[in-house]
Each structure stands twice: as C-alpha cells, then as structure tokens.
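Contents: one structure, followed by commentary.
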Amino acid sequence: MEKKDKIYDLMFNSLEDDGFFKALELKYGKTVPLYHATDLSSYERIKEEGLVLNEGKNYLHWGHSSQLYFQIGKSDYLDSFRCVLLKYDAPIDWLAQLAFADLGNVTVKDEDLEKYGVDLEQITSSMKDFLKYYIWNNFKIEGMEIAIMDLDLIGIGEIFPERVL
C-alpha cells in the first residue's frame, strides 16, 4: 500500500484525532515543517520577541483567544503584503497537544462526511475538523492550515519562548 493510501486510511478510519497525527507522522516523521507567512513589520517584531501567539477569533470561541496560524509542509500565502516566510519544525507530540484545524475557508459539511461513511455519532469533533479539511484540501495533508493555541489547560505557558527564524 502506498503512503498516500495509508494516510487516507488513517484519516477515514480514525474516530479520534490521534489518527490525524499518525497520518501526519507517516507523512513527515517526528518533526513536522510548519510555515507562517508574515509582513515585514511583523517579521521585525518576531526577530526581537520570537514567534508569539496573538489575540484572534476563530469558530471555536465566542471571544478572542491566543493563537498562531500555520500551514503544514508549505505556504500558499506569500504575496506583496506577506513577503516573509518563517519555518518552524514542530515536534509531533507538541502538535498533538496544541493544534487544531483552521476551518475558516473549508466548505465541507457534516452531510458530506456521511457520504464517505463517517459515523458522526462516534467521531470526535477535532477529528471531524481535520477530516473536513483533508477532504477540502483534495485529500492531502500538505497545505492544511492549523492553529496553535495555549489552552492553559495543559500548563505549558508561553509556547514560543525561543526565536523562530
């Protein structure tokens, strides 16, 4: 069985998000390349402070929360405004604690998952989100957008104390 078929199998036959992280590890190993496109002024601040979480909104929260967005394995966001691309090699275990799918642009619905035989009563919400993005991204992990949050539930505190350049 080819690697892409094994990844597909993990994505569609996992009820919990550990299936996504196993697929991610199959694709990249224990260290996953994450990319963050930014503008020049933010880059100058990052050089001084490191890559830190910023306040933002997402569909999981009514209010604002600290988060940072990345693309897995590549970035499609370089342009005249976001002209600096940063790479962070993230340990898979670290990602499994803090990452969630950014569904801001994803148009796959629960009904679409049912067409693939996904049991919506059994699958966790986080795995469902990763699966929706995977389908929307043409059944590829590379290029998927994830967000990292300091949930304060796991007591890690500052996620990026070191500089990431």
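Regarding Trp94, is this residue surrounded by fewer than 13 Cβ atoms within 10 Å (Cβ to Cβ) and modelled with pLDDT under 90? No; evaluated as a whole, the condition is false for this residue. Within region 122-136, being part of a helix (DSSP H, G or I), open to solvent by 30 Å² or more (accessible area, probe 1.4 Å) and under 19 Å from Leu15 (Cβ atoms) holds for Ser125, Ser126, Lys128. Among the candidates Ile154, Ile159, the residue that is surrounded by 16 or more Cβ atoms within 10 Å (Cβ to Cβ), modelled with pLDDT under 95 and assigned to a loop (DSSP other than H, G, I, E, B) is uniquely Ile159. Go over the candidates Glu142, Glu111 one by one and state the one that is open to solvent by 90 Å² or more (accessible area, probe 1.4 Å) and not small (Gly, Ala, Ser). That would be Glu111, the only listed residue that is open to solvent by 90 Å² or more (accessible area, probe 1.4 Å) and not small (Gly, Ala, Ser).
The set of residues in region 63-121 being assigned to a helix (DSSP H, G or I) and under 17 Å from Gly19 (Cα atoms) consists of Ile92, Asp93, Trp94, Leu95, Ala96, Gln97, Leu98, Leu113. Note on region 8-26: residues that are aliphatic (A, V, I, L, M), under 16 Å from the mean Cα position of the chain (by Cα) and open to solvent by less than 50 Å² (accessible area, probe 1.4 Å) total 3.
Residue-level check: of (1) modelled with pLDDT of 85 or more; (2) open to solvent by less than 80 Å² (accessible area, probe 1.4 Å); (3) on the phi < 0 side of the Ramachandran plot, Lys87 misses just (2).
To keep it simple, each residue is scored yes or no on (1) among the β-branched types (Val, Ile, Thr); (2) modelled with pLDDT under 90.
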position	(1), (2)
Leu34	no, no
Val52	yes, yes
His64	no, yes
Asp76	no, yes
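The values are calculated or read from the model by the stated rules, or taken from the named source; none is laboratory data. Worth saying up front: this structure is predicted, and the values here are computed from it rather than measured. Because the Cβ atoms are built from the backbone with ideal geometry, glycine has one as well, and the counts that use them run over all protein chains shown. The area values use the complete protein model at the heavy-atom level, side chains included, leaving out ligands, DNA and RNA. Shrake-Rupley method; radii C 1.70, N 1.55, O 1.52, S 1.80 Å.
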